[in-house]
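Step one of this worksheet: look at the structure below.
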Amino acid sequence: MSGIAAICGPDAAKKADRLDEMLSRLKHRGPDDEGRHTGEGVVLGIRAKDPVDESRKPVVSGDGSTVVVADAEIVNKSEIQGDSSAGGAGPLTDAEAIAREYARSGASCPAKLDGVFSFVLSDKGKTLAARDPLGARPLYWGKLDGQQVFASELKALAGIATDIKEFPPGHCYDSDAGLSQYFSLPSDAPTETDADAAAKKLGELLEVAVQRRMKPGISTGVLLSGGLDSSVIAAIASRHCENLTAFSACTKDGRDLPFARQVAKHLGLVQEELIYDIDDVLEALPKVIYHLESFDAPLVRSATPNYFISRVAASKVDVVFIGEGGDEDFGGYHHLKRLSSEKELQEAIVRLYQGLHNNGFMRTDRMNAAHSIVARAPFFDTAVLQCALGLHPSLKIHGDDQVEKWILRKAFEDQLPNEVVWRPKQQFARGCGSDEMLGEHSEKAVSDSELEARRAQYPSVAIRSKEEMLYFDIFREHFGDEPSVLATVGQWYE
């Protein structure tokens, strides 16, 4: 996790003071170091966290012609490096891997990268910017007096740039050729129906995915809700990390905490807990929405406990593993059970992936970044994703009882307590208790007439409830109400 910013265009150097301001707003993404580069038609900057971020400065090629800033975790760096490590050169950093692949593949390099990333690269005045296939790492872009500007978060551009938009995932911008899509989810019908083979393969791939994201010498924990997904990741990580700490946050009456405690005890993990109440939530809410950059009510509900748990984790470790992605990979949402055919189910799962960039990924990226802690999500490993997309829907929502995430449960039923493995899906906010808490508060805090007045004031915005209006007003205080800014907000519909 880093914070990157860039101004690209013939007058970029004249706007260097605006880059300083942009970087200052991204300090939470990289509190320990800052680097800048001014070159032909470009000013680039990066905020980095030590010791997690290997690329703490803009990476410049040997001849000085190419420079790149990146917020990235590239897991195929060794393949990109090839034999070039001979002669005493050390392993490539993430940004160096991007620069190396660009030298080899040119503008097609994003398609050759395996991992999560957003980056801006300048080559003799030409600009190349890209975002990973699903949009796990954030990127926004806009205009500044005719220059193209980029930044990791909306807050870095709000009030500075115009025509601000979210940079689309799976796309690449070439200043010579414009915006193009380099990745799309496969449309082939899934064919794998052998449950035993699928469970075995899935377990093996997740094991590798966790191992690939382990880095020696970096303090590591796991965010453990007590649900299936985070428990699976905790079970794997506990085999590869000594003294792994589990972090859990809940209201005193939340349903999740007893299960989190059971998993931590079963795996022999140190556990750190935080119990929060409505006063804690209301105090944190403006900060949550500022960092989240969204007013979507379901997202804010789930982001709030994530904000608390990440704050606790950040005081102990530099990196946390998370269970994000299990629901998308294996059909964990209850509304999927209402679909009438396997084709509809597969199409709905693909839509879930397509919506992650301004929904679930915003929660996991921004709430952890708010506290300068890096989150790693093995469920979105490329090999795991490909495996999941190839599974027949009947292995995901299974049998007459329509058991969600059935194949994931089968793959790990011998590694976790039975009560956890076969526990019905609970939405994160519901399991923590924050959904009821926030819903009840909003009903008291916002009147019917206030809701109708706000809807009339912003007819193009879907303000679906009093709760969402409360969040919308806080969002406007931070980011204004310019239409392009409001359009960056995704909204979850179940």
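Every read-out reported here was derived from the displayed coordinates using simple, explicitly stated rules and does not represent laboratory data. Given the structure is predicted, the values throughout are model-derived calculations rather than measurements. A quick note on method: Cβ atoms are made from the backbone with ideal geometry, for glycine too, and the neighbour counts reach across all protein chains shown.
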Whole-number D in µm²/s for region 3-181 (Stokes-Einstein; Kirkwood sum over Cα pairs; 4 °C, 1.567 mPa s) = 81
Which lysines does Lys15 reach when only Cα atoms under 21 Å apart count, and residues fewer than 8 places away in its own chain are ignored?
-> Lys27, Lys57, Lys124, Lys126, Lys143, Lys155, Lys165
Dipole of region 361-494 (Lys/Arg Cβ +1, Asp/Glu Cβ -1, origin at the Cα centre): which of Ala383, Met362, Ala453 lies farthest to the positive side?
-> Ala383
From the residues Ile164, Gly178, His392, which one has its Cα farthest along the dipole of the chain in the positive direction, the dipole being from +1 and -1 charges on Cβ of Lys/Arg and Asp/Glu about the Cα centre?
-> Gly178
Going by the alpha-carbon gyration tensor, a ≥ b ≥ c the square roots of its eigenvalues, is region 195-442 rounded (a/c under 1.5) or, if a/c is not under 1.5, prolate (a/b greater than b/c) versus oblate?
-> oblate
Electrostatic dipole magnitude of the chain [Cβ: Lys, Arg +1; Asp, Glu -1; Cα centre; debye, to 20] = 480
Value of relative contact order over region 380-477, rounded to a whole percent, pairs C-alpha under 8 Å and six or more apart = 14
In whole percents, the bins of 20 Å from zero upward hold the Cα-Cα pairs of the chain as 24, 57, 19, 0
Per q in 0.14, 0.16 1/Å, what log10 I(q)/I(0) does a Debye calculation on the alpha-carbon atoms of region 99-251 return?
-> -0.95, -1.06
Peptides 19-26, 311-318, 300-307, 453-460 ordered by average Cβ neighbours within 10 Å, highest first = 300-307, 19-26, 311-318, 453-460
How high is the relative contact order of the chain, in percent, counting Cα pairs under 8 Å that sit 6 or more residues apart?
-> 15
Could you go through region 117-126 in sequence order and give the Karplus-derived ³J(HN,Hα) for each residue, using 6.51 cos²θ - 1.76 cosθ + 1.60 with θ = phi - 60°, rounded to whole Hz, and x for Gly and Pro?
-> 6, 9, 8, 10, 10, 10, 10, 6, x, 7
For region 303-396, what is the largest minus smallest coordinate of the Cα atoms on each principal axis, given in angstrom and ordered from greatest to least?
-> 47, 26, 18
Straight distance only, please: which lysines reach the Cα of Lys252 with their own Cα at less than 29 Å, same-chain residues fewer than 8 apart left out?
-> Lys265, Lys287, Lys316, Lys405, Lys425, Lys444, Lys466
Return the whole-Å distance between the Cα centroid of region 133-174 and the Cα centroid of region 352-398.
-> 22
Distance from the Cα centre of region 179-215 to that of region 236-278, in angstrom?
-> 27
Can you give the relative contact order of region 195-442 as a percent, counting alpha carbon pairs under 8 Å and 6+ residues apart?
-> 29
